[in-house]
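For reference, the structure discussed in these notes is given below.
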There are 2 protein chains.
Amino acid sequence: MTDNKDTKPEDTADAADPTKLEADLAKAKSEYLYLMADFDNYRKNAIKERSDLTKYGSERFVREFLTVFDNFERALETEISADNVESFRAGVTMIAGEFKSLLQRFGVEEIKSEGEQFDPSKHEALSSEPREDLPAGHVARVFKKAYKMHDKLIRPAQVTVSTAPPTVN
Amino acid sequence: MTDNKDTKPEDTADAADPTKLEADLAKAKSEYLYLMADFDNYRKNAIKERSDLTKYGSERFVREFLTVFDNFERALETEISADNVESFRAGVTMIAGEFKSLLQRFGVEEIKSEGEQFDPSKHEALSSEPREDLPAGHVARVFKKAYKMHDKLIRPAQVTVSTAPPTVN
């Protein structure tokens, strides 16, 4: 907490002296005004900083993204012929890998969903499907992967959920 | 500014009354303590918020990035044969376009450099080259594009700079 020695009641001994009291009161009021001015400045800076962080929050990510995007654009400039189809494909696959490692550097990771028990906090059920190889209520198929950033879920998975297969009569 | 009616000197008329003075002093001190506590709370919240904004600042961008990345990964899963080379290429070109419009939504735009007068604040000179079609000191070729985010340069261009062509003897 902030230093509050000025408010300790150690000077109450001569509290009855009006001159001293007046001086103390003036001092207390002026300290209040100073603190208020500090607070106002702090608040203004915090608001400015928050707005900058919101506006440019993705700058670091975007800058690294652009490096990979350069390679992507360069790859798309190549003429494709029968001879280089495979190298073109290898090139774009490599770029996808660079995007993936960019995500990792920013703490973004895929959350495995397939075969897991259905959990509404990270799975969005699109439909259900009878499955023999899975207990009911598990993730049968993943249409969209779930991702977390550090320890926060930033995108739920879109999945189908297993049900017991129909019993044969 | 914060309301400061409590600190106006309107009650100085009976300032000599020690009881009143003591009460005023106690009030002023307690108001100081309340303000200090408010300030401390505000500061703690601001620090927490700043750290969250720094850690998750790119979250919004990353989330939209993932949507495009899904399509990219899906495109890479297709088998390429002689028949679908062109549609594969069209697919990845479309994805590059989606990345580009994602950048635009976040205020990120390419800054045109080619043919512009060399400007060290946004161009990084890699080398120079004699050019007949450009005045000296202009951007001859762009190896890396410059990008701005809103009104802020986030990446300088890497370029070669034109020089006058050698005079023929």
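The values are calculated or read from the model by the stated rules, or taken from the named source; none is laboratory data. Everything numeric here is computed off the predicted structure, so don't read it as measured data. Cβ atoms come from the backbone with ideal geometry, glycine included; neighbour counts cover every protein chain shown. With ligands, DNA and RNA removed, areas are computed over all heavy atoms of the protein, side chains included. Shrake-Rupley method; radii C 1.70, N 1.55, O 1.52, S 1.80 Å.
On each of the three principal axes of the Cα atoms of region B:103-145, give max minus min coordinate, whole Å, ordered largest first.
The principal-axis extents, from largest down, are 39, 18, 16 Å.
Placing a label point 7 Å from Cα toward Cβ, how far apart in nm is residue B:82 from its equivalents in the other copies, listed shortest first to one decimal?
Shortest to longest, the spacings are 0.5 nm.
If I model a spin label at residue A:100 and residue A:129 as a point 7 Å from the Cα along the Cα→Cβ vector, what separation in nanometres do I get?
For residue A:100 paired with residue A:129, the spin-label model returns 2.3 nm.
Would you kindly calculate the translational diffusion coefficient of the protein assembly as shown, applying Stokes-Einstein with the Kirkwood radius from alpha carbon pairs, for 25 °C and a viscosity of 0.890 mPa s, and quote it in µm² s⁻¹ without decimals?
Stokes-Einstein gives a translational diffusion coefficient of 92 µm²/s.
Using a 1.4 Å probe on the protein heavy atoms only, what accessible surface does residue B:30 show? Give it in Å² to the nearest 10.
50
For an R0 of 25 angstrom, estimate the FRET efficiency from the Cβ-Cβ distance between residue B:150 and residue B:93 and round to the nearest 0.05.
Step by step, r from the Cβ atoms, then E = 0.35.
Using alpha carbons only, how many degrees (0 to 90, rounded to 10) separate the axis of helix B:59-77 from the longest principal axis of chain B?
Approximately 30 degrees, to the nearest ten.
Just how much of residue B:110 is accessible, in Å², when a 1.4 Å probe is used and the result is rounded to the nearest 10?
Here the residue's solvent-accessible area equals roughly 80 Å².
If you take every DSSP beta bridge fully contained in the protein assembly as shown, what fraction is antiparallel? Give it as a percent rounded to 5. If you can, show how the numbers build up before the last one.
Details: 24 of 38 bridges.
Here the antiparallel bridges make up roughly 65 percent for the protein assembly as shown.
Give me the percent of accessible area attributable to carbon and sulfur for the protein assembly as shown, probe 1.4 angstrom.
Numbers: 10590 of 20060 Å².
About 53 percent, which is the carbon plus sulfur part of the accessible surface.
Can you compute 3J(HN,Hα) from phi for each residue in region B:16-22, using the Karplus curve 6.51 cos²θ - 1.76 cosθ + 1.60 with θ = phi - 60°, rounded to whole Hz and x for Gly and Pro?
So the Karplus estimates, Gly and Pro as x, are 6, 6, x, 5, 4, 4, 4 Hz.
Counting only protein chains, not ligands or nucleic acids, how are A:21, A:153 ordered by accessible area (probe 1.4 Å), most first?
Details: A:21 5, A:153 65 Å².
Correct descending sequence by accessible area is A:153, A:21.
DSSP beta bridges in region A:23-169, what fraction antiparallel, as a percent rounded to 5?
So the antiparallel bridges in region A:23-169 amount to around 65 percent.
Rounded to the nearest 10 Å², what accessible area does residue B:54 have for a 1.4 Å probe in the complete protein model?
90
Would you pull out the residues with amide H under 5 Å of residue A:155's amide H, same chain only if 5 or more places away, H placed 1.01 Å from N?
Under 5 Å from the amide H of residue A:155: A:147.
For the protein assembly as shown, what does the helix formula give at 222 nm: sum of -39500 (n - 2.57) over DSSP H segments with n ≥ 4, over the residue count, nearest 500 deg cm²/dmol?
So the calculated ellipticity at 222 nm is -16500 deg cm²/dmol.
What's the FRET efficiency of residue A:50 with residue B:16 using the Cβ-Cβ distance as r and R₀ = 51 Å, to the nearest 0.05?
0.60
Can you list residues whose amide H is under 5 Å from residue A:108's amide H, if they're 5+ apart or on another chain and H is modeled 1.01 Å from N?
Correct list: A:150.
Could I get the Rg over Rh figure for region B:51-169? Both from C-alpha atoms, Rh via Kirkwood, rounded to two places.
Dividing the radius of gyration by the Kirkwood radius yields 1.14.
Which order do B:34, B:147 take when ranked by solvent-accessible area (1.4 Å probe, heavy atoms of all protein chains), largest first?
B:34, B:147
Nearest 0.05, what FRET efficiency do residue A:84 and residue A:30 give at R0 = 56 Å with Cβ-Cβ as r?
0.10
From the phi angles alone, apply the Karplus equation (6.51, -1.76, 1.60; θ = phi - 60°) to region A:140-154 and give each ³J(HN,Hα) in whole Hz, x where the residue is Gly or Pro.
8, 9, 10, 8, 9, 6, 8, 10, 10, 10, 6, 9, 10, 5, 10
Please get the size of the charge dipole for region B:21-169, origin at its Cα centre, with Cβ charges of +1 on Lys and Arg and -1 on Asp and Glu, quoted in debye to the nearest 20.
380
Averaging sequence separations of C-alpha pairs under 8 Å and six or more residues apart, then dividing by the length of chain A, give the relative contact order as a whole percent.
With pairs under 8 Å counted, the relative contact order is 15 percent.
Please give the total accessible area that chains A and B bury against each other, computed with a 1.4 Å probe and expressed in Å² to the nearest 100. Let's see the in-between values first.
On the way: alone 13650 and 13610 Å², together 20060 Å².
Using a 1.4 Å probe, the pair buries roughly 7200 Å².
Hey, can you grab everything whose amide H is under 5 Å from the amide H of residue A:144? Only 5+ residues off in sequence or another chain; H modelled, so Pro and N-termini drop out.
Hits under the 5 Å cutoff: A:158.
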